[in-house]
């Protein structure tokens, strides 16, 4: 069986279109870094409505003129969709990076045909299947649907997605994209191509060239299964105490990466040696033994990740270069960065919650006053980069307020409310 998956990014500004152009033309650092050593930079199957098949800004202007369409204030200009199939399907017919491979040509043609089947004839103004990277089997589409509004043609990504949701019978429009693409692949490419898992759906916004490669890797990696050889390898080697300790840390982090991939925004740090539910009912002079016990699981993750070069501050950017030796998969490094941020935010919340519990009539601390106070915004940033931010984005203020409400409920044991962390 082969798999199909979709990644979506709503482009809302001319600057983003310029960024997509620079990446397609291999002028940005991310684009240059993704080119294989033996490949010709820019080698691809490519087309656009502009004279230059990679100039997406010019292609978008040509698209607007062709369709006679206007724009809505503050609405997306277009969608960037990554249409993915398992690379093994392309390799059935030849080399993954061969422009003459009939499966590459079919994938390129059918991706554009699929998008216009629901977005409308002429909705695609650019398409590209890169052949100069290590991976493959990903078609990059620029889609700008046009719908009528008050008798005039207007660009409307939302109307097109809402229509597709109804056709596909899905509650979520991005799930509808996934289902629709998989169905199209089965009908027009190969009956053995099936839908990717729902947790891999991405609804990204504001994707920068710096994180474009991360999404490409995540899309490809979501379609492959790791080999089941780990236990056999362990049985065959002798490990020193130091190596065993390092392996323990590594397995802990791999496990948390896996949990975050599965749980997404619902991820919670591993349990500690104690829970808020088991706090003494009366105030204590020293809160720290209880704080450390409750967040011991999260602290183990933070300490282990730091030993592999991944910490809250070291990955406070969109490059995700730290930890590359231990975690060569870019997707793993992105998920691990999110895990570390979650654990940091948990540590700050627990410190505030316990201190407030032992000082009910005094000053009530906010998690923002506790270490590490920058963690909540790092959680949001990493989740945006991973495509875990829902279309209707919950503001950070609302999310922090919700978490604090959860803590208050947890601590209110005398009334029987709350749940353990």
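So, in segment 321-349, how many residues would count as being part of a helix (DSSP H, G or I) and either closer than 16 Å to residue 382 by Cα or not assigned by TED's automatic domain parsing to the domain that holds residue 384 (or both)? Write out each step before concluding.
First, the residues of segment 321-349 that are part of a helix (DSSP H, G or I): 330-349.
Then keep just the ones that are either closer than 16 Å to residue 382 by Cα or not assigned by TED's automatic domain parsing to the domain that holds residue 384 (or both); that gives 330-346.
Residues in segment 321-349 being part of a helix (DSSP H, G or I) and either closer than 16 Å to residue 382 by Cα or not assigned by TED's automatic domain parsing to the domain that holds residue 384 (or both): 17 in total.
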Residue 148 versus (1) more than 25 Å from residue 14 (Cα to Cα); (2) at pLDDT below 95; (3) more than 23 Å from the chain's Cα centre (by Cα): which is the lone unmet condition? (1)
If residue 364 meets every condition in (1) surrounded by 15 or more Cβ atoms within 10 Å (Cβ to Cβ); (2) more than 20 Å from residue 268 (Cβ to Cβ); (3) free of Cβ contacts under 8 Å to residues at least 24 places away in the same chain apart from one, which number is that one? (1)
Let me spell it out: the conditions are (1) at pLDDT 95 or above; (2) under 24 Å from residue 70 (Cβ atoms), and residue 164 meets all of them except one. Which number is the exception? (1)
Of the criteria (1) in a loop (DSSP other than H, G, I, E, B); (2) at pLDDT 95 or above, which one residue 125 fails: (1)
Can you tell me which of 116, 88 is modelled with pLDDT under 95 and assigned to a helix (DSSP H, G or I)? 88
Run residue 126 past the list (1) crowded, with 18+ Cβ neighbours inside 10 Å; (2) farther than 21 Å from residue 146 by Cα and report the number of the one that doesn't hold. (2)
Conditions: (1) surrounded by 15 or more Cβ atoms within 10 Å (Cβ to Cβ); (2) in contact with a helix residue (DSSP H, G or I) (Cβ under 7 Å, 6 or more places away or on another chain); (3) at pLDDT 85 or above. Residue 400 meets all but one. Number of the miss? (3)
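In contact with a strand residue (DSSP E or B) (Cβ under 8 Å, 6 or more places away or on another chain), in the same structural domain as residue 39 (by TED's automatic domain parsing) and more than 22 Å from residue 60 (Cα to Cα), is that true of residue 133? Step through it out loud before you land on a result.
Working: in contact with a strand residue (DSSP E or B) (Cβ under 8 Å, 6 or more places away or on another chain): yes; in the same structural domain as residue 39 (by TED's automatic domain parsing): yes; more than 22 Å from residue 60 (Cα to Cα): yes.
Taking the combined requirement at face value, the residue satisfies it.
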For residue 142, which of the numbered conditions (1) part of a strand (DSSP E or B); (2) over 25 Å from residue 31 (Cβ atoms); (3) under 24 Å from the mean Cα position of the chain (by Cα) fails to hold? (2)
Positions within segment 279-312 being within 21 Å of the chain's Cα centre (by Cα) and either touching a residue at least 60 places away in the same chain (Cβ under 8 Å) or not assigned by TED's automatic domain parsing to the domain that holds residue 355 (or both), in sequence order: 312
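Only one residue in 187, 106 is at pLDDT 95 or above and closer than 25 Å to residue 35 by Cα. Which one? Spell out how you get there, then give the answer.
Values: 187 fails: closer than 25 Å to residue 35 by Cα.
It is 106.
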Scan segment 309-350 for residues that are surrounded by fewer than 19 Cβ atoms within 10 Å (Cβ to Cβ) and within 17 Å of residue 247 (Cα to Cα) and jot them down. 309, 324, 325, 328
Positions within segment 173-184 being within 23 Å of the chain's Cα centre (by Cα) and in contact (Cβ under 8 Å) with a residue 40 or more places away in the chain, in sequence order: 173, 174, 177, 178, 180, 181, 182
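The values are calculated or read from the model by the stated rules, or taken from the named source; none is laboratory data. Keep in mind that what you see is a predicted model, and the values were worked out from it rather than measured. As a convention, Cβ positions derive from the backbone with ideal geometry for all residues, glycine included, and neighbour counts pool all protein chains shown.
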